[in-house]
Amino acid sequence: MLASLVPATLAAAALGACKPAGPPPLDPNADAYARQLFEEIRSGASLEADPHLAHELKNPTTEAQINQFRMLIPAEPPRSVELRDSQVTEDSTGVTTRLTDVYHYVDRDLVAQTALFRSPSGVDPVIVGFNLTTSSGG
């Protein structure tokens, strides 16, 4: 009886040590980089100097879109910011993180969607997409 109990106990211990399959964890820097980009847009800072913005987004087309977003953002800082959603996916090309931050102002909420990508050899993710929409609220 004891001999048959030992293998079962070892098997249970081995299964307990396995991590459940699931999405990779959220990069601890991802939301900070997304919020930094929002602040740069709000303040009118040059995006050329942002090391976390993908080189491919540093072009006149993106700059024109950013100027449109800038017009949506009030001059004052938001009352609060909440990370409403995050999705992390990983494949052979790297890790993609999609964030939805909500910036609460007195008269509106701004919903910022940011996509970040980190290649397998990368240390930090870079921002590869950004969108800003407004909704009533506040």
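Could you sort 91-103, 39-51 so that the peptide with the highest average Cβ count within 10 Å comes first and the rest follow in order?
Numbers: 91-103: 16.8, 39-51: 13.2.
Top of the packing list down: 91-103, 39-51.
Counting only protein chains, not ligands or nucleic acids, how are Asp31, Asp107 ordered by accessible area (probe 1.4 Å), most first?
From most accessible down to least: Asp107, Asp31.
The string of couplings for segment 111-128 from the Karplus curve (6.51, -1.76, 1.60, θ = phi - 60°) is 9, 9, 10, 10, 10, 10, 9, 10, 6, x, 8, x, 8, 10, x, 10, 7, 10 Hz, one whole number per residue in order, with x for Gly and Pro.
For Asp85, Asp27, the ranking by accessible surface with the largest value first comes to Asp85, Asp27, using a 1.4 Å probe.
Which whole-number percent gives the relative contact order of segment 63-124, counting Cα pairs below 8 Å spaced six or more residues apart? List each step's numbers first, then the result.
Working: 89 pairs, mean separation 17.0, N = 62.
Over segment 63-124, the number comes to 27 percent.
Ranked from largest to smallest solvent-accessible area, with a 1.4 Å probe on the protein heavy atoms, Arg84, Arg70 come out as Arg84, Arg70.
Remark: spin-label model distance Leu83-Ala32 equals 1.1 nm, labels positioned 7 Å along the Cα→Cβ axis. Less than 5 angstrom separates the built amide H of Phe130 from those of Ala115, all sequence-distant by 5 or more or on a different chain.
How far, in nm, would the chain grow between Ser119 and Asn67 when pulled straight, counting 0.36 nm per residue and subtracting the alpha carbon separation?
Details: separation 52, 0.36 × 52 = 18.72 nm, distance 2.88 nm.
Going from the current span to full extension adds 15.8 nm.
Computed on the Cα trace of segment 30-107, the radius of gyration divided by the Kirkwood hydrodynamic radius gives Rg/Rh = 0.99. Looking at segment 64-137, the pairs of alpha carbons with a distance over 16 Å make up 55% of the total.
Here the simple spin-label model places points 7 Å from the Cα toward Cβ, and for Ala54 and Val128 these points are separated by 0.4 nm.
The values are calculated or read from the model by the stated rules, or taken from the named source; none is laboratory data. Just so you know, these numbers come straight off a predicted model, no measurement behind them. Quick reminder, even Gly has a Cβ in these numbers, built from the backbone with ideal geometry, and neighbours come from all protein chains shown. Accessible surface is based on the protein model in full, side chains and every heavy atom, while ligands, DNA and RNA are left aside. Shrake-Rupley method; radii C 1.70, N 1.55, O 1.52, S 1.80 Å.
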